[in-house]
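Novice: Below is a structure I'd like to ask you about.
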Amino acid sequence: MKVLAFDTSTEYCSLALWLDGEIRNREVLAGQRHSELLLPLLHELLEEAGLTLAQMDGIAFGAGPGSFTGLRIACGVAQGLAFGMNLPVIGISTLEALAQQTGDANVIVAIDARMSEIYHASYTKSVDGWQVVSEPSLCLPQQAPTMSGINWTGCGSGFAKYDETLRSRYQGSIGRIAGDLSPRAREMVQLAVPRFLGGLALDPADAAPFYIRNKVALKESKR
């Protein structure tokens, strides 16, 4: 199986190519230049592998949560490429991709959502993959869902920005914190492949970003 994945949900632009178990990847600090950099990097990655887009079995993209503009870019590019080549697509949660990146089995993910809030979710890993313990949500750090048990790993930019608050919130539950992790296409393609094989892919027309905060443009009082 050959799968292409990319993510533009943060200030980074990352891409990964799954080639029958081998992963090739690219990552650059894009700032606000995702739309300018994504396609050239994509073509560079395919050319290096000696492949064309037509040889892919599917396309995966970082569906969110994350930067609104970044999510729209990734989804739009995935749809455009997939329509042109008649390929299926899968959107991968940035929160689950972060959990995958830790290499641990019990993970609390918190991404800085700005406006003093975080995108939050927690997962445990089993032989069948990641199981959701706490559904993805938008919340204040001091109101993050609590977890039972110990030896949880905390990861994501939310733990970097609200370290003291989240440490206090999860006192006694967290054994390790990795606040420097950002969502990457490398983990997204790892998560996408078994879903393609399991028949969980979507028609490009049905692909959509996962925003969580749908009323970002409203004033705080109205949200």
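The values are calculated or read from the model by the stated rules, or taken from the named source; none is laboratory data. All values reported here derive from a predicted model rather than from experimental measurement. Quick reminder, even Gly has a Cβ in these numbers, built from the backbone with ideal geometry, and neighbours come from all protein chains shown.
Novice: Before we move on, is ALA121 modelled with pLDDT of 95 or more, in a strand (DSSP E or B) and among the aliphatic types (A, V, I, L, M)?
Specialist: It is true that ALA121 is modelled with pLDDT of 95 or more, in a strand (DSSP E or B) and among the aliphatic types (A, V, I, L, M).
Novice: Which is among the small types (Gly, Ala, Ser), at pLDDT below 95 and out of contact with any Leu (no Cβ under 6 Å at 6 or more places or on another chain), of GLY158, GLY179, GLY149, GLY154?
Specialist: Matching residue, one of GLY158, GLY179, GLY149, GLY154: GLY149.
Novice: Any residue in the range 30-55 that's at positive phi: show its pairings with residues that are at pLDDT 95 or above at Cβ separation under 8 Å, as long as the two are six or more apart or on different chains.
Specialist: GLY31/GLU11
Novice: Which residues, counting only those in the range 19-73, are of a type in the set (D, E, K, R), closer than 17 Å to PRO183 by Cα and in a helix (DSSP H, G or I)?
Specialist: Once the filter is applied, which keeps residues that are of a type in the set (D, E, K, R), closer than 17 Å to PRO183 by Cα and in a helix (DSSP H, G or I), the range 19-73 yields only ARG72.
Novice: Report, by residue number, each residue of the range 160-176 that is farther than 12 Å from LEU140 by Cα and of a type in the set (Phe, Trp, Tyr).
Specialist: TYR170
Novice: Let me ask something else. Any residue in the range 67-85 that is touching a strand residue (DSSP E or B) at 6+ places or on another chain (Cβ under 6 Å) and surrounded by fewer than 20 Cβ atoms within 10 Å (Cβ to Cβ)?
Specialist: No - not one qualifying residue is present in the range 67-85.
Novice: Residues to consider are LEU166, LEU95; find the one that is among the hydrophobic types (A, V, I, L, M, F, W, C), under 24 Å from ARG195 (Cα atoms) and crowded, with 20+ Cβ neighbours inside 10 Å.
Specialist: Numbers: LEU166 fails: under 24 Å from ARG195 (Cα atoms).
LEU95 is the lone residue from the list that is among the hydrophobic types (A, V, I, L, M, F, W, C), under 24 Å from ARG195 (Cα atoms) and crowded, with 20+ Cβ neighbours inside 10 Å.
Novice: What pairs come out if I take residues in the range 88-101 that are under 16 Å from THR10 (Cβ atoms) and pair them with residues that are of a type in the set (D, E, K, R) and buried (at least 23 other Cβ atoms within 10 Å of the Cβ) whose C-beta lies under 6 Å away, six or more apart or interchain?
Specialist: Listed by first residue and then by second, the contacts come to ALA97/GLU187; GLN100/GLU187; GLN101/GLU187.
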